[in-house]
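In what follows, a structure is listed as structure tokens, so that the remarks can point back to it.
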Amino acid sequence: MPLRAYIDNEEIISIDQDEKQWDDLKKRLKSKESVLTLPCCRQVGFLRTSSKGLKHFVHAKSDNTCDWKPESPEHLRAKIEIIEACKENGWKAIPEFSETNWRADVLAIQNDKRIAFEVQWSKQTFEDTKFRQDRYKESNVRGCWFFRTAPKEFREYDEHLKADKEIPAFKIFKDENSNIIAQLKQTQLPLKSLVDSLLKRRLKFCEHIRLNPKQEVTIVFFDTSCWKCHKPQNLWTVEQNLVTVCNQDFYLMRSMWDNDDIDKSPKIYEAVKHFLQTEKGKNLKIGQLKKRYSKTVHDNYLSHGCFYCDSIFGDWFLNTEKMDGQSDPNSLRHKVEIEFGTVKEEGQHWCYSDNGQYCE
């Protein structure tokens, strides 16, 4: 279903025409006052309106061949959303644009900037994608891809797409209401909104992921007992519900035998001590967090310890207890806002921001 044609050598975009303009075009063609040709092959075509009211062009029957391939309704819907987003942002949007040795689903133009938007509802290999992207680059065009099923080389273990600055690629799918949705890690938004964000530069390629400096943290207090004096008491751990600046999940890798574990963060420990002074936490029995000597590692490290005899609670043995404590519905949970400062890790991604703050 082409959306672009020429009528008497004047370029026409079907979805730009209102009902009166569309009817006038029909009359001109019917009376043979005008001739419609399609840009893909310069052959004669005609107007058509789909059962859902979509205005488009159709090839007339001919012995001459054309490499135009039929498009799915989803592919067509995606192209229309891209065109609408481009126009609303002041870009000229040309569907099915050809130049020398490439053809783009939608070419967006603003001054000397050109972006080729490609929708791949059917499968395409990585090699073909790279080949076509290289051709865009040779023409000083920035290529941007939307895949329903991306090549395996673009996919991470969890099926999210890898961020690649040289080949921007994003996952799209159709929801239960037949809307075309784009996915950025845990964030889902209409395809039109994603294109809008790209053109407004609200989507930035970042080399690192950065923890949101200030956020709500859940501290979990659970029951345990000392391996040495066997007295029952309590310990704490932190739920991994942290988020990045761009509102994606942020997992701080738990570490052992050092000071880097999030549970040992000075800010977290201050929050724990403050909670122990409250009515809700005053009956908890929690040992000090301090440096103790470990026979396992033959060194001193910041560690949990017994409330009664101060024996070290080794990090290795606490791993399972902390996981059990988080899953225990009887554990006590305390939410507190913590100011972490700057914490970041390596992680290439497309950083989406509504407030102008990015991971780097």
### Message
To make sure I understand the rule: partners must be aspartates and glutamates, Cα under 16 Å from the Cα of Lys204, and not fewer than 8 residues away in the same chain. Which ones qualify?
### Response
Asp164, Glu166, Asp196, Glu346, Asp354, Glu360
### Message
Below 8 Å between Cα atoms, with a sequence gap of 6+, how large is the relative contact order for the chain in percent?
### Response
13 percent
### Summary
Looking only at aspartates and glutamates whose Cα falls under 17 Å of Lys295's and that sit 8 or more positions away or on another chain, we get Asp258, Asp310, Asp315
### Query
Where does each of 266-275, 142-151 land if you order them by average Cβ count within 10 Å, highest first?
142-151, 266-275
### Message
Which residues does the label zone of Lys52 cover in region 80-95, counting backbone N under 14 Å from a point 7 Å along Cα→Cβ?
### Response
80-82
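Express as a percent, rounded to the nearest 5, the fraction of DSSP beta bridges in region 95-160 (both residues included) that run antiparallel.
DSSP beta bridges in region 95-160 are roughly 60 percent antiparallel.
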### Task
Return the subset of Lys162/Lys264; Lys162/Lys322; Lys214/Lys285; Lys52/Lys79 for which the Cα-Cα distance in this structure is over 23 Å, preserving the input order.
Lys162/Lys264; Lys162/Lys322; Lys214/Lys285
### Query
Based on the Cα gyration tensor of region 1-68, what are the three equivalent ellipsoid semi-axes, each the root of five times an eigenvalue, rounded to whole Å and given largest first?
18, 14, 11
### Query
What base-10 log of the normalised intensity I(q)/I(0) is obtained for region 79-192 from the Debye formula, alpha carbons as equal point scatterers, at q = 0.20 Å⁻¹?
-1.16
### Task
Would you mind putting 78-90, 16-28 in packing order, based on average other-beta-carbon counts within 10 Å, highest first?
78-90, 16-28
### Task
Using +1 at the Cβ of each Lys and Arg and -1 at the Cβ of each Asp and Glu in the chain, identify which of Leu199, Asn234, Thr218 lies farthest towards the dipole's positive end.
Leu199
### Message
For region 1-68, what does the relative contact order come out to in percent, with C-alpha contacts under 8 Å and a separation of six or more?
### Response
34 percent
### Message
Exceeding 20 Å between C-alpha atoms, which entries from my cross-link table qualify? They are Lys87/Lys174; Lys165/Lys200; Lys171/Lys192; Lys26/Lys87.
### Response
Lys87/Lys174; Lys26/Lys87
### Gap separating the Cα centres of region 1-45 and region 186-246, nearest whole Å
53 Å
### Value of relative contact order over region 165-314, rounded to a whole percent, pairs C-alpha under 8 Å and six or more apart
15 percent
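Every read-out reported here was derived from the displayed coordinates using simple, explicitly stated rules and does not represent laboratory data. No experiment lies behind these values; they were computed from the predicted model shown. Backbone-built Cβ (ideal geometry, glycine too); neighbour counts: all protein chains shown.
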